[in-house]
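First comes the structure, then the notes that go with it.
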């Protein structure tokens, strides 16, 4: 529904649905540089019927969501840079160490940096479990029964979450 550039959104959980006009996102004039929240991509506002406490909590959640996304982007870049440096440093250490020798640590001001070989295991996927069971159990029906049992009886939990979905109009 579009009311002169105002796009209402209904929020609800079970029977506790918040009315359409309780939480409204003003999308008009979002692209103008003069808009103080131009870079936020969304302008949250609430009507007179909503509780200021809930409006504040929703706005705080939106702010934290944005901050979290920015931090995660920064962390991803840091990890990529660290991985590239790790690969370069390990290659440098390997070229200076004989194959049978343990690489010597690099002394740092607050300790030392050591290269080691970490054993990584592949995940226990259903395909892997089924392959392993097929090798030790000859009866295909038994393997299928065990796989069905594992899939149907694994523990699951339902946790309420919030998700910010950008809707272009």
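When residues in the range 51-98 are screened for being touching a strand residue (DSSP E or B) at 6+ places or on another chain (Cβ under 9 Å) and either outside any helix (DSSP H, G or I) or touching a residue at least 60 places away in the same chain (Cβ under 8 Å) (or both), 1 of them pass.
Consider the range 151-166. How many of its residues are farther than 17 Å from residue 61 by Cβ and part of a loop (DSSP other than H, G, I, E, B)?
Result for the range 151-166: 5.
Of all the residues in the range 113-133, those that are surrounded by 10 or more Cβ atoms within 10 Å (Cβ to Cβ) and farther than 30 Å from residue 148 by Cα number 3. Pairs meeting the criteria (first residue in the range 137-158 and in contact (Cβ under 8 Å) with a residue 24 or more places away in the chain and not assigned by TED's automatic domain parsing to the domain that holds residue 126, second residue surrounded by 10 or more Cβ atoms within 10 Å (Cβ to Cβ) and part of a helix (DSSP H, G or I), beta carbons under 9 Å, at least 6 apart or on different chains) are lacking.
Assessment of the range 67-74 against the conditions (under 30 Å from residue 165 (Cα atoms), in contact with a helix residue (DSSP H, G or I) (Cβ under 8 Å, 6 or more places away or on another chain), at pLDDT 90 or above and surrounded by 10 or more Cβ atoms within 10 Å (Cβ to Cβ)) yields no matching residue.
Quick check: is even one residue across the range 106-113 part of a loop (DSSP other than H, G, I, E, B), more than 30 Å from residue 161 (Cα to Cα) and at pLDDT 90 or above?
Residues of the range 106-113 that are part of a loop (DSSP other than H, G, I, E, B), as a first pass: 109-110.
Among the residues that remain, those that are also more than 30 Å from residue 161 (Cα to Cα) are: 109-110.
Then drop every residue that is not at pLDDT 90 or above, which leaves 109-110.
Within the range 106-113, one or more residues are part of a loop (DSSP other than H, G, I, E, B), more than 30 Å from residue 161 (Cα to Cα) and at pLDDT 90 or above.
The values are calculated or read from the model by the stated rules, or taken from the named source; none is laboratory data. Note that the coordinates shown come from a computational prediction; the quantities given were computed from them, not determined experimentally. All Cβ positions, glycine included, derive from the backbone under ideal geometry; neighbour counts span all protein chains shown.
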